[in-house]
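Working notes, structure below.
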């Protein structure tokens, strides 16, 4: 969470009579740490290499639009 917090940005939204500050997070910037956590948990729970690969690459394929169009 510290890395996610360090990679976040405060953004201001200005309105006619007010300003709203929001904290935007970018989990992709912390992906190496998230992947390491996934590896440790996969070992703890006895996941296969295929299951771990699915977990680590799920965001890339389905959420980040890097699917090559094939039916894997």
A correct fewest-to-most ranking of 29, 12 by other Cβ atoms within 10 Å would be 12, 29
Quick note on 17, 44, ordering by fewest other C-beta atoms within 10 Å, gives 17, 44
If Rh is defined by the Kirkwood formula over all Cα pairs and Rg also comes from Cα, what ratio Rg/Rh do you get for the range 2-63? 1.22
Along Cα→Cβ, 7 Å out, is where each label goes; now give me the distance between the ones at residue 49 and residue 26 in nm to one decimal. 3.3 nm
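A short reminder: the numbers here are calculations on the coordinates, not readings from a lab. Source: prediction; values computed, not measured. Note: ideal-geometry Cβ built from the backbone for every residue, glycine included; neighbour counts use all protein chains shown.
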